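To start, the structure itself, in structure tokens.
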Amino acid sequence: MHKADIVEILESIAVLLELKGENPFKIRAYQTGARALETMEEELGEVIEAGKLASVKGIGSALVEKIETLHATGELEYYKKLRASVAPGLIEMLEIPGLGGKKVKKLHDELGVESIEALKSACESGEVAGLKGFGAKSAEKILTGIENRAAYAQRHLWWDAQEVAAPILEGLRALSGVERAEAAGSLRRLRETVGDLDFIVASGEPAPIMDWFTSQAGVQEVTAKGTTKSSVRFESGLQADLRVVPAAQFAFALHHFTGSKEHNVAMRQRALSRGYSLSEWGLAAKDTEGAEPGSEGIETEKALFEFFGLAEIPPELREGLGEIDAAEAGKLPRLVDADALRGVFHNHTTASDGRASIEEMAAAAEALGFDYIGLADHSKASFQANGLDDARVLEQLERIRAFNEAGESAVHVFAGIECDILPDGRLDLEDSTLAQLDYAVMSVHSSFGLSEADMTARVIRAIEHPATTMLGHPTGRLLLRREGYRIDLQKVIDAAIANRVIIEINAHPRRLDMDWRLWRRAAERGLMCAINPDAHATEGLAYYRAGVNIARKGWLEPEQILNCRDCAGVQRWFSERK
DNA sequence: GCCGTTTTCGGCCCGACTGTTTTCAGTCG
């Protein structure tokens with residue numbers, strides 16, 4: 001069984017134990033173990049082989065045994081029995097806001113509720129309101145939760161969340177009495193999807209700020225309103241939390257609510273080892289038990305990190321994946337800035353399924369300050385996208401050459417193609433056609449159901465083709481919609497490095513593929529990256545910023561990104577590949 | 001269930017907010 005599936009089972013065990021009313025620390029141990037396994041960089045099989053699983057922090061003897069059994073057999077008796085002992089409807093009930101393990105257990109034990117439907121009727125009949133610890137409001141809240149379950153559970157693309165957050169942040173900053181305001185959470189960490197929005201404000205007068213926040217346009221429900229914290233829910237189901245703190249606590253609150261949880265745990269451990277207890281409220285020296293936490297004069301996150309002997313860690317690196325060690329050793333990456341990109345590759349025009357012409361795309365690229373743009377329309381196997389056959393590819397090539405030769409644009413257009421990788425790994429165009437282009441992006445758009453071995457072999461065959469410059473969206477995933485196809489990305493990365501083929505970060509907000517979690521290690525081993533907005537209209541070029549976010553989360557430096565080279569540098573890369 | 005340079009037992013982050021209470025439990029982050 002693969003590591004990811006084992007991680008999922010450990011998480012599932014934690015949920016089931018919660019519903020059984022188990023010791024909360026045992027539950028957390030499973031969650032911690034799942035996380036430790038997930039972030040382990042070495043190959044699971046090798047770690048087990050070497051007998052080193054027990055030395056991973058957070059994995060003790062009980063988990064070692066379970067993980068090894070799952071890895072070897074794919075089955076676990078303990079998990080089977082546990083799952084059989086809990087009605088599946090109870091797990092779903094946890095998705096309802098306000099219901100946790102204990103309340104679900106109580107509803108089950110005392111009312112026999114085993115499904116969402118049964119819960120609904122129990123609320124309507126008044127049974128729930130009569131239960132000790134519940135009341136009329138609880139029953140009503142549960143009914144609303146059931147009603148809006150799908151919308152509430154939904155995560156949101158970073159790009160969409162950011163568009164909601166920007167005006168709120170602007171509004172907060174414009175309020176009198178607001179000294180500082182920032183968005184925190186996964187939005188600030190530039191995660192590919194966002195569960196809810198978090199805002200942190202510094203002010204000595206919270207009441208009017210809370211009033212403004214809870215009465216904004218679009219607020220459908222106020223789920224909490226206090227002097228330090230308020231929460232609202234928008235019509236889209238997106239929830240936003242606001243915390244107002246005194247200025248002296250701002251840096252601590254911002255750091256705490258930016259997370260991630262794993263990063264915070266590591267920071268608190270570091271604080272403890274240096275004699276301090278760190279929280280969102282500030283710092284308390286350990287020997288002053290019970291004293292109010294102080295700020296030690298720390299006004300910024302930078303100062304907070306420096307207090308603990310660390311370089312400032314950018315929010316997008318705070319995932320508990322070695323950033324604290326790197327910050328201590330002065331080895332944080334020099335992250336790429338959006339301004340460093342000189343152009344983008346992999347964009348479409350009206351020749352296939354785009355909505356803008358060569359001229360319009362070039363003008364839009366110029367408006368963004370780019371020196372060049374690559375145009376890569378679909379090939380003929382992508383029939384639904386009006387893909388180009390060899391003759392049409394050559395016509396488009398002529399048009400691009402003519403555009404460049406006319407010399408009327410400050411932007412150079414590279415002539416490329418997004419060529420389909422056929423199910424057997426052959427390419428969709430003649431070698432003689434591909435050889436005439438400046439570059440070629442190879443992508444899978446069909447036969448997603450191949451086995452992992454077949455899909456891996458298919459893509460590697462394409463990578464080994466001499467005409468291949470880049471691999472497009474290597475898993476084909478669509479965030480919040482569709483899982484990627486099964487493929488062994490480590491083998492694909494190995495092949496790309498060996499053949500000097502680039503892998504793209506497809507910057508479309510719904511793709512962000514290849515995933516940021518894989519980039520740090522791949523780039524260290526020599527993989528080159530290209531950030532590609534996959535624009536199908538001029539507005540789509542702006543997505544390159546989402547791609548830069550992913551490059552930053554992946555610890556990439558400018559030298560590892562083709563887009564950071566000037567026009568001549570890109571030309572050199574393309575010609576050396578041939 | 002995990003962990004340990006005070007510990008192999010007894011801790012494990014903790015505070016805000018809500019809804020239920022009449023001093024607090026549960027949820028959430």
Listed residue (A:Ser230, A:Thr349, A:Ser279) projecting farthest to the positive dipole end of chain A, Cβ model: A:Ser279
Selection from A:Gln216, A:Ala161, A:Leu190, by position along the positive dipole direction of region A:123-239 (Cβ): A:Leu190
Computed over region A:454-501: relative contact order in percent, which uses C-alpha pairs under 8 Å that are six or more apart: 48 percent
Tail fraction, Cα-Cα pairs, region A:222-317, threshold 24 Å, whole percent: 28 percent
Rounded if a/c under 1.5, otherwise prolate or oblate - region A:189-272, Cα gyration tensor axes: oblate
Kirkwood Rh, angstrom, region A:65-106 [1 / mean 1/r, Cα pairs]: 12.1 Å
Per-residue [θ]222 nm for chain A (sum of -39500 (n - 2.57) over DSSP H runs n ≥ 4, rounded to 500): -13000 deg cm²/dmol
Stokes-Einstein D for region A:263-328, Kirkwood Rh over Cα pairs, 37 °C, 0.692 mPa s (µm²/s): 269 µm²/s
Percent of alpha-carbon pairs separated by more than 17 Å within region A:42-153: 63 percent
Global form of region A:436-578, assessed from the alpha-carbon gyration tensor, a/c cut-off 1.5: rounded
Cα-based radius of gyration of region A:88-153 once divided by 2.2 N^0.38 Å, which approximates compact folds: 0.96
Anisotropy class of region A:268-420 from Cα gyration tensor, a/c 1.5 cut: prolate
Relative pair counts by distance (%), Cα atoms of region A:153-208, 5 Å bins: 4, 20, 28, 20, 14, 10, 5
Per principal axis, descending, Cα span of chain A in whole Å: 77, 60, 51
Summed side-chain charge close to A:Ala202 - residues other than A:Ala202 whose Cβ falls under 15 Å, Lys, Arg +1, Asp, Glu -1: -3
Where the Cα pairs of region A:3-84 fall when distances are cut into 5 Å bins, in %: 3, 15, 29, 28, 16, 7, 2, 0
Around A:Asn532: net Lys/Arg minus Asp/Glu count, Cβ-Cβ under 12 Å: -3
Under 12 Å, Cβ to Cβ, from A:Phe345 - net charge with Lys/Arg +1 and Asp/Glu -1: -2
Simple Cβ-charge dipole of chain A, Lys/Arg +1 and Asp/Glu -1, about Cα centre, in debye nearest 20: 1400 debye
10 Å-binned pair-distance histogram of region A:134-273 (Cα, whole percent): 11, 38, 34, 16, 1
Loop sites in region A:57-163: trypsin sites (Lys or Arg not before Pro), DSSP, at most 15 other Cβ within 10 Å: A:Lys57, A:Lys132
Loop sites in region A:369-456: trypsin sites (Lys or Arg not before Pro), DSSP, at most 13 other Cβ within 10 Å: A:Arg426
Region A:411-463: GluC sites (Glu not before Pro) in DSSP coil with no more than 15 other Cβ atoms inside 10 Å: A:Glu430
Dipole magnitude of region A:338-577, debye to nearest 20 (Cβ charges: Lys/Arg +1, Asp/Glu -1, about Cα centre): 960 debye
Listed residues A:Gly484, A:Ala523, A:Ala498: farthest to the positive end of the dipole of region A:438-578 (Cβ charges): A:Gly484
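Here, each number is a calculation from the coordinates, and none is a lab measurement. In this text, all values refer to a predicted model and were calculated from it rather than measured experimentally. When we count neighbours, we look across all protein chains shown, and the Cβ atoms used for this are built from the backbone with ideal geometry, even at glycine.
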